[in-house]
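A short reminder: the numbers here are calculations on the coordinates, not readings from a lab. Being a predicted model, the structure only gives us computed values, none of them experimental. All Cβ positions, glycine included, derive from the backbone under ideal geometry; neighbour counts span all protein chains shown.
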């Protein structure tokens, strides 16, 4: 079953009177429980593609279906609900709220969705155990290392148990040791929660934690690779 279906996706940007084609009618499918890495040189359209998949940007043309729903046909309210409940987002620079504690940053999607926090207490405890930050739950982001902040960002993405996590260069701001720990955490989430993960990365090593690689260049897909032996935990 396809979790994400992309058909003839095109994205143009206008700079003055000039139109630049960033994505050129690309098509591919991502199946449920896939761990997919999107790779390619800077400026090839990787992050633009990820943002369009997550409904954070709009295509110039083409169709994106998430769990069978055409994003182009959803209202802004429907898209907003989908982004909160069916997708989790992880960014290179964490995007945590500096004045909120670790646990409040994790629970932020619940607060924004106006859900009761009490029934998420056990979920919060479980997630803090998974990211190994139970002892830091009252700390603010400025009291954490970069790797710990990224763990909090991943936990925030997990709190609704979304079917899909989209990650934009999730270890791009981390040292190699911490980056390896974060990739192991993603692989564990993919395996244990059966979460579909799509990451943009420059790192060949990171790409091999998943089961599929999509290589982009100049706005087109050069090739799709099946990873026969992904890196084991």
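Across 214, 111, 171, mean-square fluctuation computed from a Gaussian network of the chain (C-alpha pairs under 10 Å connected) peaks at 111. Each 5 Å bin from zero holds the following percent of Cα-Cα pairs in the stretch 110-179: 3, 14, 24, 24, 21, 10, 3, 1. What angle, in degrees between 0 and 90 and rounded to the nearest 10, separates the Cα long axis of helix 121-130 from the longest principal axis of the Cα atoms of the chain? The helix 121-130 is inclined about 70 degrees to the chain. Comparing 199, 78, 31 in a Gaussian network model of the chain where C-alpha atoms under 10 Å apart are linked, the largest mean-square fluctuation is found at 78.
Applying 0.36 nm per residue to the separation of residue 84 and residue 222 and subtracting their alpha-carbon distance, the gain on full extension is 46.5 nm.
How compact is the stretch 168-220 by the rule of thumb for globular proteins, expressed as Cα Rg over 2.2 N^0.38 Å?
Cα-based Rg divided by the globular estimate yields 1.16.
Comparing 97, 200, 36 in a Gaussian network model of the chain (Cα springs below 10 Å), the most mobile by mean-square fluctuation is 97.
DSSP beta bridges in the chain, what fraction antiparallel, as a percent rounded to 5?
Working: 23 of 40 bridges.
About 60 percent, rounded to the nearest 5.
The coefficient of translational diffusion for the stretch 140-233, derived via Stokes-Einstein from the alpha carbon Kirkwood radius under 25 °C and 0.890 mPa s, stands at 173 µm²/s. Using 0.36 nm per residue and subtracting the Cα-Cα separation, the extra length available between residue 12 and residue 132 on full extension is 39.0 nm. Put a dot 7 Å past the Cα of residue 74, heading toward its Cβ, do the same for residue 1, and the two dots end up 1.6 nm apart. Cβ-to-Cβ counts within 10 Å put 42, 27, 21, 203 in ascending order as 42, 27, 21, 203, the fewest first.
Convex hull volume of the Cα atoms of the stretch 22-147, normalised per residue: 154 Å³. For the chain, the longest principal axis of the C-alpha atoms and the axis of helix 176-192 are separated by about 90°.
Evaluate the stretch 100-151: find the radius of gyration of its Cα atoms, find its Kirkwood radius, and give the ratio Rg to Rh. Each step should come with its number before you reach the end.
Numbers: Rg = 10.9 Å, Rh = 11.3 Å.
That ratio is 0.96, to two decimals.
Can you bin the stretch 1-84 into rounded, prolate or oblate? Criterion: square roots of the alpha carbon gyration tensor eigenvalues sorted a ≥ b ≥ c, rounded for a/c under 1.5, prolate for a/b above b/c, oblate for the rest.
Values: a/c = 1.95, a/b = 1.32, b/c = 1.48.
It is oblate, given that a/c is not under 1.5 and a/b is not larger than b/c.
For the chain, the longest principal axis of the C-alpha atoms and the axis of helix 76-85 are separated by about 50°.
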